[in-house]
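For reference, the structure discussed in these notes is given below.
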Amino acid sequence: MIRPGLVALALLAPIAAHGATLYLAPDGNDAADGRSAKTPLATLGAAIARAQQAPAGEETRVIVLPGVYRGQSTDIDGRRLHGPLTLAGTSADPATYPAFVGDGSDTWLHFRGAEGRDSGLTVRALRIAHYATAISLNGNRNDPAAFNRGTVLENLVLAQIGTDTGSAPGLALSTAAIRLVNARDTVVRGVFFHTIRNAPRDKCGGLHAIYLASHSTGAQIEGNTFQDFCGSAIKLRDASGGATIRANHFRDADGAPAIEEWFCDMTRTDACTKAGGECPSTGIRVTGNDFGNLPADRRVIVRGSRVALSWCPPGSATAPRFLLDGGRALP
C-alpha cells in the first residue's frame, strides 16, 4: 500500500544524487532498516543515530510520513554529523503536516554545534506542538568563534509552545520557541507561530517566538506569522546584529512588542551571567513587515544601553540598532 504523502514528496524535494534517505512513521519500528516507506523507523532519535553513521560528506534525508508522533525529543551533537541532515514532512499543506506532540516539558530538537562550521541542518514541513521549546541551536556563548552556521527552518507550524508551571510545578520557564545561541546565518522562513505562552500569565513576558543571543549574527527571518504571543516575538541580544527581518506578520501581541533589541549591561546590574560582558546588536534591517494593530511604540523597540562599554567593539554603542523601512535608523 502506498502511504499518503509519497506523491507529494516526489513533487516537493528531489532525492540527492549522493546520500541516504530514511523514513519515519508513527507505526514504524526502530529495528527496521528505515530505508523505505514500507520499513520505516519509529523515532527521530533512531534516524539521527543512523545519520551519524553516514560517511563524511554524505547527505541524510529523513522523510517524516504523515501522522502524530508523541513524546519524542532528540539531541544532535554536531561533532558526530559528517554531512548535511534534512528532516522533512511530505505535505505542502500545513493542515496535514506530520505532528510531533509533547507534554510541555521538553525541547523537541536540541542541536549542539560549536565547531565554527555549517550545521548542515534543514527542518521543514512539520508541526511541533506542546513543547517547552521547539528548537534550540547552541554554540558556545562565551567564544564568538565557536559557532554553528546556516541552519534552515522553514514551512513549520509551532503551536502551544511554552511552560505551564501550574500543571507541572518545578519546571523552569521557557524563554523561546526557537532559540539561537551563537548560531549564525540561520534562516527562519514561512513559520507559523501560534500561542507562544508560559503559564501563569504573569510569567509570560520572558518567552519569545525567536530569541537570538550571543553572536547569533546574520539571521534571515522572513515570511513568518506570529499569532498570540505575550513576550516580544523576536528578541535580539548580545551582538546578534546583521539580521534581516522582512515580510513577517504580527497578530495578537497581548501587550508585547513585535521586535526588541536588548542586552544585559553588567555596569547596571549584578544579575548578568556572562563573565565577558554583553554588547549591543546593530545593523538589523526591518522591512516590509505587517504589524497589524500594534501601536507604533510596540513595533520595534530598543532597550539595550547606549553607553560605550570597554569590552564591546568601538562605535557599537552609537551605531544604529535597527535600519527601518525608508532608511530610517533606530535609534
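The values are calculated or read from the model by the stated rules, or taken from the named source; none is laboratory data. Fair warning: this is a prediction, and the values are worked out from it, not measured in the lab. All Cβ positions, glycine included, derive from the backbone under ideal geometry; neighbour counts span all protein chains shown. All accessible areas refer to the heavy atoms of the entire protein, side chains included, with ligands and DNA or RNA removed. Shrake-Rupley method; radii C 1.70, N 1.55, O 1.52, S 1.80 Å.
Miscellaneous remarks
- The residues in segment 160-213 that are over 18 Å from Val123 (Cα atoms) and aromatic (Phe, Trp, Tyr) can be counted, and the count is 0.
- Within segment 282-331, considering residues that are out of contact with any Ser or Thr (no Cβ under 7 Å at 6 or more places or on another chain), open to solvent by 50 Å² or more (accessible area, probe 1.4 Å) and in a strand (DSSP E or B), the one farthest from Arg237 (Cα to Cα): Asp290
- Exclusive hit being farther than 26 Å from Trp108 by Cβ, charged (D, E, K, R) and touching a Leu at 6+ places or on another chain (Cβ under 9 Å), set Arg189, Arg285, Arg268, Arg179: Arg285
- Residue in segment 51-62 that is at pLDDT 95 or above, among the hydrophobic types (A, V, I, L, M, F, W, C) and open to solvent by 20 Å² or more (accessible area, probe 1.4 Å) present: no
- Highlighted here are the strands (runs of 3 or more DSSP E) found entirely within segment 162-259 that include at least 1 residues which are open to solvent by 10 Å² or more (accessible area, probe 1.4 Å) and under 26 Å from Asp143 (Cα atoms): 176-181, 187-189, 208-213, 220-222, 234-237, 244-246.
- Out of Pro98, Pro66, Pro26, sole residue that is open to solvent by 40 Å² or more (accessible area, probe 1.4 Å) and either within 25 Å of Asn224 (Cα to Cα) or of a type in the set (Ser, Thr, Tyr) (or both): Pro66
- Some residue of segment 251-260 being at pLDDT 95 or above and of a type in the set (A, V, I, L, M): yes
- Cβ-Cβ distances below 6 Å connect the following pairs, each with a first residue in segment 45-72 that is over 23 Å from Asp118 (Cβ atoms), a second residue that is in a helix (DSSP H, G or I), and a separation of six or more residues or different chains: Gln72/Leu44.
- Some residue of segment 264-279 being in a loop (DSSP other than H, G, I, E, B), of a type in the set (A, V, I, L, M) and closer than 15 Å to Arg321 by Cβ: no
- One residue stands out in segment 90-135 among those that are at pLDDT 95 or above and among the β-branched types (Val, Ile, Thr): the one that is nearest to Asn155 (Cα to Cα), namely Val123.
- Phe291 meets the conditions (1) without any contact (Cβ under 8 Å) to a residue 24 or more places away in the chain; (2) in contact with a helix residue (DSSP H, G or I) (Cβ under 9 Å, 6 or more places away or on another chain) in every case but one. The failed one is (1).
- Qualifying position, being under 20 Å from Ser240 (Cα atoms), among the small types (Gly, Ala, Ser) and modelled with pLDDT under 95, among Gly304, Gly283: Gly304
- Screening the candidates Ala271, Ala258 for the property of being among the hydrophobic types (A, V, I, L, M, F, W, C), closer than 20 Å to Cys204 by Cα and touching a strand residue (DSSP E or B) at 6+ places or on another chain (Cβ under 6 Å) yields one hit, Ala258.
- Of all residues in segment 134-146, those being touching a Leu at 6+ places or on another chain (Cβ under 9 Å) and either open to solvent by 10 Å² or more (accessible area, probe 1.4 Å) or over 21 Å from Thr217 (Cβ atoms) (or both) number 3.
- Meets criteria (within 20 Å of Ala213 (Cα to Cα) and in contact with a Cys (Cβ under 8 Å, 6 or more places away or on another chain)) for Gly162: yes
- Of all residues in segment 147-159, those being touching a Leu at 6+ places or on another chain (Cβ under 7 Å) and open to solvent by 20 Å² or more (accessible area, probe 1.4 Å) number 0.
- Segment 131-156: number of residues that are closer than 20 Å to Leu65 by Cα and in a loop (DSSP other than H, G, I, E, B): 2
- Check on Arg141, touching a Ser or Thr at 6+ places or on another chain (Cβ under 8 Å) and farther than 29 Å from Pro94 by Cα: yes
- Count - residues of segment 101-118 that are open to solvent by less than 10 Å² (accessible area, probe 1.4 Å) and in contact with a helix residue (DSSP H, G or I) (Cβ under 7 Å, 6 or more places away or on another chain): 2
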